[in-house]
Amino acid sequence: MRILDEARIIIVVSILQLLPLIIVAVGEDTKNLRSPWLRTVIINPRATGCWNRPWICNEGKFPPRIKKLCCRNQCVDVTSDVYNCGLCGIRCPFTWKCCGGICINTNRNPFHCGQCEHKCPLGSFCAYGMCGYAQPLPPFPFPPKPPKPPFPFPPKPPKPPFPFPPKPPKPFPPHPPKAPPAMATS
C-alpha cells in the first residue's frame, strides 16, 4: 500500500513539473491563463544559480564556515578554488594551489609543501612538493657553528717606520758645492 502512495506522489509531482511545458506546447496564450502560479512559472521560470540570490552560497549558516562567493552564477569556495582564489576571477598560476584564499607555490614553500598547511620539519627544505627531497641530512647540532674568523682577528695595525720618529731628511745635494779655488792674481 505504501509503495502505491509513493508512486502516486511521484506521478503527480512529475505532471506538475511538466504542466508548463504541456501548456506551452498546446499553444495556449499565457495572458489567458487563469492561474497566477502558472503565469509566473511559464513567463518567469524559477531562476537558477546565485546571481539574483547570492545569500544562498552561505548555505544558511552565519557566519559561513567556508567563504563562498557567487562567481559566474555558481557558488564557489574562494579559499581553495584555483580559478577563483580569494575573489572571483583571480586565477592561480599553473602548478600553484589556493591555500586560504592566497595563491601559493606548493612545490617550493616549506609551510605548504605539496599541499596546503603541510609544514616541513625544521632544517628541511621543500623541493618538488616534498620535504627534504635529495638533500643530505643537516649537520648536527643544527644549525652548524659559524666558521672561525681569520687569525689574528682583528688584524693588527701596520707597524710605524723604524726608527720612530724618523730623522729629518738630509739636504740635497748631500754636500754644498765647494767654491772653486781662487787663482792668485798678481
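The values are calculated or read from the model by the stated rules, or taken from the named source; none is laboratory data. No experiment lies behind these values; they were computed from the predicted model shown. Cβ sites come from the backbone with ideal geometry, for glycine too, and all protein chains shown count toward neighbours.
Odds and ends about this structure:
- Of the residues 92, 99, the single one that is closer than 20 Å to residue 114 by Cα, touching a His at 6+ places or on another chain (Cβ under 7 Å) and either modelled with pLDDT under 95 or acidic (Asp, Glu) (or both) is 99.
- Selection from the range 88-99 of residues that are within 13 Å of the chain's Cα centre (by Cα) and part of a loop (DSSP other than H, G, I, E, B): 90, 91, 92, 93, 94, 95, 96
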